[in-house]
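For reference, the structure discussed in these notes is given below.
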Amino acid sequence: IKQFPIALGVQGAKGEPLEMLREFPHYVAQANPAIATIGMVSLAIMFLWPLVGKPTPALKKVPAPLIVILAAVPMGMAFDLLHEHSYRLQNHEYQLGGQYLVTMPDRMFGMFQEITSPNFAALAEFKAWKWVFMFFVIGSLESLLSAKAVDLLDPWKRKTNLDRDVIAVGTANLCCSLVGGLPMISEIVRSKANIDNGARTRFADLWHGFFLLVCVALLPAALHRIPLAALAAMLVYTGFRLAHPSEFVHVYRIGREQLLIFVTTLLAVLATDLLIGIAIGIALKMLIHNINGVPLVSMFKPFLEIEDVDQNTSLIIARESAVFSNWIPFRRQIEQIGLVQRRNLLVDLSDTKLVDHSTIEKLEEMQRDFEQEGLTLELVGLDTLQPLSPNAHAARRRGLGTVRRLTVIADEALEDWLIEMFISQGATGFTSQACHGAGRQDIMNGNLQKRNQVRIEVIVTHECSESILARLQSDVAPEHRITACIETVNVVRVGDFTANATPASPVQTSA
């Protein structure tokens, strides 16, 4: 949103994102046609170049931003942006000049003339400390949040060393302040561009900084020819990739409450700023957890019981809740017992009132950490909780789940074949009993002689029942007389009726 006016050549556009979004029609009306042409062509290249590269592998290796620069610099030269001048179009006069180009020192090594030494006398003023504290808090938090967000984008699902990140950002900002530079933070958009272009290690950042330094020192005149509209178009494209509509669909599939938190946080960030928006999202998530039965006393403190199963294995029993706000002490216990003491772990979640989406994802991450150390971390009891959506990472809470009871009455000769078919479609058990009776057709024909039949009952998930019904309609009904009935029932453990799930109890209870 903030880069779009720059891509159109509108100067002085300021405000919060939602405020700027309302001004988009005015930005379009105030656009500088020459600059907007550069911006829109650059944006079109960013979107279309990946499509051009698909049929031609050689072109796919050429990054789209490089093509944008190769196209935008000649366009800027054609519009003579290096010199201040004006032009008229449809009775409107527009200004062109160096303000639409990247600002650079006017000569080689000119950047060293911009070095400014700090004025330590300012520390005697209260407002100086206010800004120091704000940079410290906001910069540190935004860097950590950005690093965690990039971890989610990483194709290899690696985890950032946050201690190292904070030390690096703090050291870099100290050095920047000593030469009059702006403060820096870990950056999502640049990191996303890194990932999109095949970067795999921190050396991508090292070379990125090295080439920036060399280019600014040795090629300031060349960099000065790059139109700001082209750079803005690159950021608009990368931002669109980060906020693609498919992200909303993905979050909705995890759970409706996750979409509510996602959208609320998004709107709050756009209306205020990153930290306030995230605080509002956290408050909403805690409210939802409380509505779902999480006691306030366990919101920040996990209630854990630890038992030794054998010489190499320990059991952690979680009580009350396992949610994002009490995850840190929960994780420390897992790390201390498992990774530090080198023991396999069983984590029993069956006695919790709620296990949220964040904790489920974190536990899966820790399972990978244990595997890398040659240990095992096994989660038990999740199947006793009811998922809030069909997604594997959906939050789970205590309560009855819904399944289907399917009753089939057929000729006794079909008993074995029907049972085999039910099990092949995913049934985890069955009840079969002999019976006698007559059907509607028998009664209409006056034949009240009872036939030998079998009554088979299975309790299955909704998906499994649909699969069984389809088989009955396609393979059985055309050649045999059968009666099938379906009813929805509540069960304590849905996992006991799910194929390939580990039964938590030999007792399968339904209500």
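The values are calculated or read from the model by the stated rules, or taken from the named source; none is laboratory data. Remember, predicted model here, so these are calculated numbers, not experimental data. Cβ sites come from the backbone with ideal geometry, for glycine too, and all protein chains shown count toward neighbours. These accessible areas exclude ligands, DNA and RNA; they are computed on the full protein's heavy atoms, side chains included. Shrake-Rupley method; radii C 1.70, N 1.55, O 1.52, S 1.80 Å.
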Accessible surface, the chain, averaged per residue in Å² (probe 1.4 Å): 59
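Can you compute the FRET efficiency between Asn490 and Asp351 using 1/(1 + (r/R0)^6), with r the Cβ-Cβ distance and R0 = 22 Å? Round to the nearest 0.05.
On the way: r = 20 Å, r/R0 = 0.91.
Efficiency, rounded to the nearest 0.05: 0.65.
Just flag the trypsin sites (Lys or Arg not before Pro) in the stretch 322-354 sitting in loop per DSSP whose Cβ has no more than 11 other Cβ atoms within 10 Å.
Details: sites: Arg331, Arg332, Arg342, Arg343, Lys353; in loops: Arg342, Arg343.
Sites meeting the loop and neighbour criteria: Arg342.
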Percent of Cα-Cα distances greater than 40 Å, calculated over the chain: 46
Size-normalised alpha-carbon gyration radius of the stretch 59-177, reference 2.2 N^0.38 Å: 1.62
Ordering of 269-278, 78-87 by packing [mean C-beta count within 10 Å, highest first]: 269-278, 78-87
Karplus-derived HN-Hα couplings along the stretch 311-322 (A = 6.51, B = -1.76, C = 1.60, θ = phi - 60°), whole Hz, x at Gly and Pro: 5, 10, 10, 10, 10, 10, 9, 8, 10, 6, 7, 9
Inter-site label distance for Leu260 and Asn452 at 7 Å from Cα along Cβ, in nm: 5.8
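Over the chain, what is the relative contact order in whole percent, taking alpha-carbon pairs under 8 Å and six or more residues apart?
On the way: 728 pairs, mean separation 56.8, N = 511.
The value is 11 percent.
Note down the relative contact order for the stretch 137-195 as a percent, whole number, built from C-alpha pairs under 8 angstrom at least six residues apart. Please report the intermediate quantities before stating the final value.
Values: 47 pairs, mean separation 26.7, N = 59.
Answer for the stretch 137-195 is 45 percent.
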Loop-located trypsin sites (Lys or Arg not before Pro) in the stretch 183-270, at most 16 other Cβ atoms within 10 Å (DSSP): Arg200, Arg202
Nearest-ten-degree value, helix 415-424 long axis tilted from longest Cα axis of the chain: 10
Over the stretch 135-247, relative contact order from alpha-carbon pairs under 8 Å, at least 6 apart, %: 25
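Can you list the GluC sites (Glu not before Pro) in the stretch 318-422 that are in a DSSP coil and have 13 or fewer other beta carbons within 10 angstrom? List each step's numbers first, then the result.
Details: sites: Glu320, Glu335, Glu361, Glu364, Glu365, Glu371, Glu373, Glu378, Glu412, Glu415, Glu420; in loops: Glu373.
For GluC sites (Glu not before Pro) across the stretch 318-422 that sit outside H, G, I, E and B with at most 13 neighbouring Cβ atoms in 10 Å, the list reads Glu373.
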Dmax and Rg, reported as Rg then Dmax, of the stretch 398-473 (C-alpha, Å): 14.6, 53
Sites Thr171 and Trp207, calculated FRET efficiency, Cβ-Cβ separation with R0 22 Å, nearest 0.05: 0.70
Between 0 and 90°, nearest 10: helix 274-291 axis offset from the chain longest Cα axis: 10
The chain - charge dipole about Cα centre, Lys and Arg +1 at Cβ, Asp and Glu -1, debye rounded to 20: 900
log10 of Debye I(q)/I(0), alpha-carbon scatterers only, for the stretch 176-278 at 0.14, 0.18 Å⁻¹: -0.83, -1.16
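I need the calculated FRET efficiency for the pair Leu162 and Phe47, taking r as the beta carbon distance and R₀ as 35 Å, to the nearest 0.05.
On the way: r = 34 Å, r/R0 = 0.98.
After rounding to 0.05, the efficiency reads 0.55.
Shape call for the stretch 277-409 from the C-alpha gyration tensor, a ≥ b ≥ c root eigenvalues: rounded (a/c under 1.5), prolate (a/b greater than b/c) or oblate? Working shown, then result.
Details: a/c = 1.89, a/b = 1.19, b/c = 1.59.
Oblate is the answer for the stretch 277-409, as a/c is 1.5 or above yet b/c matches or exceeds a/b.
Kindly give the semi-axes, whole Å and largest first, of the ellipsoid equivalent to the stretch 1-114, taking each as the square root of 5 times a Cα gyration tensor eigenvalue. Walk me through the numbers on the way to the answer.
Details: eigenvalues 132, 94, 54 Å².
In descending order, the three semi-axes are 26, 22, 16 Å.
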